[in-house]
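Each reported figure results from applying straightforward, stated rules to the coordinates on display, with no laboratory input. Owing to the predicted nature of the structure, the values given are computational and were not obtained by experimental measurement. Note that each Cβ is placed from the backbone with ideal geometry, even for glycine, and that neighbours are counted across all protein chains shown.
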Amino acid sequence: MHKIWAVIRREFVERVRTRAFLLSTILFPLFMAAMVVIPGFLMSRSTGTQRLAMVDATSDQLGQRMAASLSAARIGRGEAALPRYVVTRIPAADRAIAVRDSLLPMTGRSRKLEGFEGILVVTDSTVTQGKAEYFGANVASFDDMRELEQTIRPIVIGRRLEGLGVDLDQVMKSVQGIDLVTNKVADGKLTGESGAATFALAYAMGFILYFSLLIFGTQVMNSIVEEKNNRIVEILASSLTPFQMMLGKVVGVGLVALLQIGIWAGAATFFSANQAKILGALGIASPGGMPLSFPAMGPGLLIVFLVFFSLGFLLYAAMYAAVGAMSSTTQDAGQLQMPVMMFVLVGFFSVFALIRDPNGTAAHVLSFVPMLTPFVIPMRYSISPLPMVELFTAIAVTVLGLLAVVWVAARIYRVGILSYGKKASMRDMIRWIRTA
Amino acid sequence: MNGSVVKVEEVTKRFAGHTAVERLSLEVPGGGIFGLLGPNGAGKSTTIRMIMNIITPDEGRISVLGGISASRDLSSRIGYLPEERGLYKKMKVVDQLIFFGEAKGIPRRTARIKSGEWLARLGISDWAQKKVEDLSKGMQQKVQFVGALLHEPDLVILDEPFSGLDPVNSQVMKDVVVDLARQGKTVLFSTHIMEQAEKMCDRIVIISRGRKVVDGSLAEVKRDFGGRHVALTFTRHADRAARVLADRSLVAKVDDYGATAEVELASPGDPDRLLHTLVQEQVGLARFEVVEASLQSIFIAKVGIEAATAPAKETVHA
């Protein structure tokens with residue numbers, strides 16, 4: 001036991017110390033941060049408050065009303081929210097075009113200079129024909145234009161309705177749509193999750209396992225090939241049992257995977273929870289659109305996920321270890337890992353296939369195939385909790401599968417690690433398993 | 001320790017197509033330095049790997065420290081320096097040594113203290129915090145050496161410990177090995193460098209092409225080989241000497257180095273006749289000494305020149 005610990009510690013510490021680990025661990029949260037900041041930054045590239053010149057050629061106070069409405073618009077919510085526009089209303093009567101032309105030289109210039117970001121021209125035809133003109137540097141900004149349009153539209157509509165003698169408030173109330181709020185109920189309790197979040201979560205869990213196996217499973221495999229190549233394996237083999245060597249390596253690498261994913265998940269949660277604050281600190285208004293959000297994971301689901309992630313990782317990493325032991329070069333290993341890869345892929349895609357019908361026959365059957373269980377069960381559990389019996393049967397099946405795989409893999413490993421030169425054939429492998 | 005520490009009985013190991021070790025038996029007594037000698041490809045490393053239970057013999061039995069071929073369970077009592085050195089290149093020297101110590105079953109703290117002591121003893125303390133890949137080959141070999149010894153094993157098995165070392169480092173390692181033997185530990189080492197073996201070993205086994213050809217204490221081996229060797233150094237007329245030495249009724253074999261020669265007499269107890277003849281021929285002699293055969297000459301005589309160059313395919317597994 002002491003020896004396995006030594007191997008686990010070596011694998012863990014040496015990996016965590018590498019520059020590659022540090023980089024990938026930091027880069028991902030940076031990427032997450034960028035995902036939070038950049039859209040916000042892009043959307044409010046004009047850093048919030050825009051200076052707007054309004055050429056008012058209306059004859060009936062429409063201009064004043066619009067100016068009031070625009071001035072009232074805020075960026076984001078809350079008391080600290082900045083005004084979206086600083087409006088300078090310039091009454092123009094029938095000289096709208098002349099006034100506009102006189103303003104153009106002061107428009108769309110560098111932010112530091114006096115002037116305006118844009119000019120809005122409203123005339124009486126804005127009500128009658130629904131036309132208003134905007135001149136500015138930011139006309140390509142879809143969001144800016146939509147925002148502007150949405151702010152002035154109700155004023156125009158209101159004016160038309162007034163003309164028809166209809167009460168604006170009553171109309172607004174009567175055209176109010178419905179907003180279907182989805183709330184997930186599990187086990188007779190509200191979970192506080194929406195439908196979309198549940199789906200995203202089920203998918204994310206499958207992806208994390210898939211991703212970890214591809215990255216870290218391959219690491220297990222390659223490091224064994226490396227140990228074979230620099231012959232360190234002779235020293236290890238004379239002090240440790242193949243089982244200790246293999247288990248130590250697989251668990252050590254698995255812990256590295258958990259640590260990295262933990263850091264990433266932590267970073268993602270932190271950024272999504274504090275998106276507004278971070279943006280605020282950077283002086284960027286939070287985008288009015290969809291905030292970046294990550295589905296919350298209940299404690300039950302977290303445990304189920306961790307259990308099956310661990311089992312799945314051990315199961316597949318043991319296979320990768322056996323592949324590494326069979327190979328003399330990383331190229332050999334790359335070829336020999338194909339069957340293992342196939343299982344990983346099938347497992348991952350079964351998540352997609354079964355997510356529409358998580359309690360169908362196929363889902364039930366695949367829940368008890370050891371190679372697929374680690375993918376299928378957390379997905380099913382996240383959509384609707386499974387009966388305890390089913391859950392524990394699945395765990396038992398996976399553990400049995402794991403033991404079988406480890407038994408076979410350890411035997412391949414035992415012979416494989418000390419055979420150099422040629423790639424092992426299928427026949428060799430079967431012989432190794434039988435004689436080891 | 002008494003009795004044999006390593007006992008190899010009638011062991012045979014075959015690799016695809018050829019026999020690396022054939023019905024080999026040897027016994028390493030407790031304490032002292034045991035040399036496993038043989039030309040390249042003779043089966044030395046294969047034998048050592050079988051003793052270490054890294055590979056299993058096809059036939060025969062091996063027992064180590066009284067256990068039946070279970071060196072892994074006894075790993076805390078055995079130190080092993082493999083022929084093909086292996087270290088984790090990216091690891092720091094001290095971390096690597098601690099790991100090796102732990103793998104042998106000693107506590108982490110002890111491993112740390114011991115590796116510090118050993119690095120100091122071998123004069124590479126300054127490199128303890130460096131990565132292995134930054135070290136020279138000689139230093140890496142020292143690290144590997146420490147890795148085999150820091151858990152203070154009773155039995156130390158060294159496969160070609162001096163290969164690739166410069167004379168200075170070779171000397172340092174030799175001192176360590178001799179010191180181990182002095183402490184009552186058992187050292188088994190393989191080499192094909194006879195001078196070294198001759199100076200260090202108490203007992204030797206010479207194997208050739210997987211078979212044992214010589215077995216015994218160094219004194220026994222030399223005695224059995226016979227004291228009919230004469231070492232000569234010429235001052236002049238070496239050509240006349242060559243004529244005398246070519247006389248097969250007088251001299252059975254000559255190992256001629258030009259100015260010096262080591263000869264094996266045709267019949268023991270005949271050095272007088274040779275001296276007489278040489279003087280008669282007026283050969284200038286600086287040295288005429290009846291000597292024990294050197295291990296080198298015993299080795300050549302027993303193994304044969306042809307066996308010293310092993311067939312190509314044997315080297316693959318040796």
Report task. Among B:Met139, B:Ser297, A:Ile178, pick out the residue whose Cα is farthest towards the positive end of the charge dipole of the protein assembly as shown, where Lys and Arg carry +1 and Asp and Glu carry -1 on C-beta, about the Cα centre. Result -> A:Ile178
Report summary line: Of the listed links B:Lys7/B:Lys137; A:Lys3/B:Lys114; B:Lys44/B:Lys130, those spanning more than 28 angstrom between alpha carbons are B:Lys7/B:Lys137; B:Lys44/B:Lys130
Requested in this report: Using a cut-off of 10 Å between beta-carbons, work out the net charge of the residues near B:Leu218 (Lys and Arg +1, Asp and Glu -1, B:Leu218 not included).
Outcome: 0
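Just rank A:Tyr320, A:Tyr413, fewest to most, by other beta-carbon atoms within 10 angstrom.
Lowest to highest Cβ neighbour count: A:Tyr413, A:Tyr320.
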Query raised in the report: log₁₀ I(q)/I(0) of the range B:71-215 at q = 0.15, 0.16, 0.22 Å⁻¹, via Debye over equal Cα point scatterers, no solvent, to two decimals?
Result: -0.76, -0.86, -1.51
Query raised in the report: By count of other Cβ within 10 Å, fewest leading, how are B:Leu232, A:Leu400, B:Leu218 ordered?
Result: A:Leu400, B:Leu218, B:Leu232
Query - Förster radius 41 Å - calculated FRET efficiency between A:Val16 and B:Arg23 (Cβ-Cβ, nearest 0.05) - result: 0.20
**Report entry** Between the range B:195-220 and the range A:1-34, the alpha-carbon center distance in angstrom
**Finding:** 50
Query raised in the report: Using unit Cβ charges (K, R positive; D, E negative) and no other charged atoms, how large, in debye to the nearest 20, is the dipole of the protein assembly as shown about its Cα centre?
Result: 580
Query raised in the report: Can you run phi through the Karplus equation (6.51, -1.76, 1.60; θ = phi - 60°) for the range A:51-66 and list ³J(HN,Hα) in whole Hz, with x for Gly and Pro?
Result: 8, 10, 9, 10, 7, 9, 10, 8, 10, 9, 6, 4, x, 4, 4, 5
Query raised in the report: At what distance in angstrom do the alpha carbon centres of the range B:1-50 and the range A:298-372 lie from each other?
Result: 46
Report summary line: Counting Lys and Arg as +1 and Asp and Glu as -1 over every other residue whose Cβ sits under 9 Å from the Cβ of B:Gly86, the net charge comes to -1
Report task. List, in order, the whole-Hz ³J(HN,Hα) value for each residue of the range A:407-412 obtained from phi through the Karplus relation with A = 6.51, B = -1.76, C = 1.60 and θ = phi - 60°; use x for Gly and Pro. Result -> 4, 5, 4, 4, 5, 4
Report task. Compute the separation of the alpha-carbon centres of the range A:117-190 and the range B:254-281 and state it in Å as a whole number. Result -> 120
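What is the fewest-to-most order of A:Leu22, A:Leu255, A:Leu366 by other Cβ atoms lying within 10 Å of their Cβ?
Listing A:Leu22, A:Leu255, A:Leu366 from fewest to most nearby Cβ atoms yields A:Leu22, A:Leu255, A:Leu366.
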Query raised in the report: Each label point is 7 Å from the Cα along the Cα-to-Cβ direction; what then is the distance between the points at A:Thr361 and B:Val291, in nm?
Result: 9.2
Requested in this report: Provide the net charge surrounding B:Ser190, with neighbours chosen by a C-beta distance below 10 Å and charges set as Lys +1, Arg +1, Asp -1, Glu -1.
Outcome: -2
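Only helical DSSP H runs with n ≥ 4 go in: add -39500 (n - 2.57) per run for chain A, normalise by residue count and round the 222 nm mean residue ellipticity to 500 deg cm²/dmol.
So the calculated ellipticity at 222 nm is -20500 deg cm²/dmol.
Compute the length gained on full extension between A:Arg65 and A:Val139: take 0.36 nm times their separation in residues and subtract their Cα-Cα distance, giving the result in nm to one decimal.
24.3 nm is the gain from fully extending A:Arg65 to A:Val139.
Rg(Cα) of the protein assembly as shown divided by 2.2 N^0.38 Å?
Dividing the Cα Rg of the protein assembly as shown by 2.2 N^0.38 Å gives 1.53.
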